[in-house]
Amino acid sequence: MKLGLGVETLRFLLPADVLPGEDDAPLKAPVGRAPDLFGCVDQLVTKPLLACRFAKSDASKFEIFTGESEVTLESVLLRPQADDGGTVCIDESSEFVWWNSDGIDRELCQKLHGNPPTSAGAIADALAEEITRLRRFEVSEPFAAQEDSTIIPIFRWSQNADEISGALIGFWLRPTTGLGRYGIDDERLQTCRIIGIAAEDEVSGRGMRELAAAIVLFGISSAPFAATVARAGTESVGPAQEQSAAKQRESTLQNLSAAKQRKVQTAQQESAKINEDVLNRATSQNISVVVSISKQRVYLMVDNDVAIDSPISSGRHGRATPTGSFTVSEKDKNHVSTIYHCPMKYFLRLSGMSFGLHVGQLPGYPASHGCVRLPEQVAKLLFQTATVGTPVTIQA
């Protein structure tokens, strides 16, 4: 890999709950090389989607570990800012549902244990035979890149004298054409089917012969993903396999349908209510702010009276807004997120932490990275009324 390889952007599929808060310290990429951006992915993901371990002395003896049964993946675009100290910006788009199936993993283990392979290559062949027919994800929102991207599994691996272990941490959305405009002219990155991040943080597109079984295991999703995101299916399978895949697909679709229904049901938020008479009595000594996560509302209190009652959008699953007692520690009318580089107008930072209240989109359900999003009119009024030291209570 060329040490001077620079890139404009790289897009990944990563677990949504690993993404930083809206005002966390920014990621850094020293010189904007492709390995630096893969390194940023490695920094972000602390809980893998899948993991495995097998002994060097007998590669047929291995263990599979799965995470949560269902994980939301976010399509994330990383772009280095060379003129800003190597800061890496993050943009997001479509969401995916990734799921694990203990039943499928047991079938794989039983098949291999019943007819033990004699080499890592044989393990790879046996796994590939079972894996390539599986459906492991659903797209919950339109995915604009599906026509011109191949999805490449990214795994983290390490080894010692006795065993090799690895973890599937996400996916790289490699453009199928026009890689030159992304600054990717390294042939290995243009043709690889797997990206590996070694224990010493060296990114490699080559893989290792002795890691064949682990690589294919992490390819549990590579075949469906790499085909076409919208069409991952069950071609060329027998009736029993078709039935099994159909059950898994039905379960996933039910989960997606329920998630969409929840969004529809909760999107009907009451608009903001402003009591001008109460608001006119506000002083720096008699005001406080109360946020209710369960109700998705914020209240500006003047003594015991409600001056403003407004809808909000708090932190989503995995990035929940902290609860407790805080105070306004900073006011910034034109604040910009340090990591997403998006505007966060009328920002009220809480207790010096990396979250606060600001203008943002309100889809009708918790959707932020930890901050409390407000309608612009309400955010402006809170900004004008609150002072440094105003108490803010956030309730579950």
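Computed over protein heavy atoms with a 1.4 Å probe, the accessible surface of the stretch 294-373 works out to 39 Å² per residue.
Ranked highest first by average number of other Cβ atoms within 10 Å, how do 347-355, 149-157 line up? The partial results should precede the final answer.
Numbers: 347-355: 20.0, 149-157: 22.4.
Descending packing order for the listed peptides: 149-157, 347-355.
Think of the stretch 267-362 as a dipole: +1 on every Lys or Arg Cβ, -1 on every Asp or Glu Cβ, centred on the Cα centre; then among Thr338, Asn275, Phe326, Thr338 lies furthest on the positive end. When each of the peptides 377-387, 268-278, 363-373, 158-168 is scored by how many other beta carbons lie within 10 Å of its residues on average, the order from highest to lowest is 363-373, 377-387, 158-168, 268-278.
Annotation: amide H-H contacts under 5 Å for Lys345 (H modelled 1.01 Å from N, sequence separation of 5 or more, or interchain): Val359. If R0 is 35 Å, the Cβ-Cβ spacing of Leu77 and Ala161 corresponds to a FRET efficiency of close to 0.30.
Computed from phi, the 3J(HN,Hα) profile of the stretch 17-31 under the Karplus parametrisation 6.51, -1.76, 1.60 (θ = phi - 60°) reads 7, 8, 5, x, x, 5, 10, 5, 4, x, 6, 10, 10, x, 10 Hz, with x in place of Gly and Pro.
Could you tell me which of rounded, prolate or oblate describes the stretch 261-369, using a ≥ b ≥ c as the square roots of the eigenvalues of the alpha-carbon gyration tensor, with rounded for a/c under 1.5 and, failing that, prolate when a/b is larger than b/c and oblate otherwise? Working shown, then result.
On the way: a/c = 1.78, a/b = 1.17, b/c = 1.53.
Oblate.
Calculated FRET efficiency, Glu270 and Lys380, Cβ-Cβ r, R0 25 Å, to nearest 0.05? Once the sixth-power term is evaluated, E becomes 0.80.
Spin-label model, Val278/Asn334: points 7 Å from Cα along the beta carbon direction are separated by 3.4 nm.
Just want to confirm a number: the relative contact order over the stretch 269-396, from Cα pairs under 8 angstrom separated by 6+ residues, in percent. Show your work: numbers first, answer last.
Numbers: 310 pairs, mean separation 39.5, N = 128.
Computed value for the stretch 269-396: 31 percent relative contact order.
The values are calculated or read from the model by the stated rules, or taken from the named source; none is laboratory data. A quick note: this is a predicted structure, and the numbers were derived from the prediction, not measured. Reconstructed Cβ throughout: ideal geometry from the backbone, glycine too, with neighbour counts over all protein chains shown. Keep in mind that these areas ignore ligands, DNA and RNA; they rest on the heavy atoms of the full protein, side chains included. Shrake-Rupley method; radii C 1.70, N 1.55, O 1.52, S 1.80 Å.
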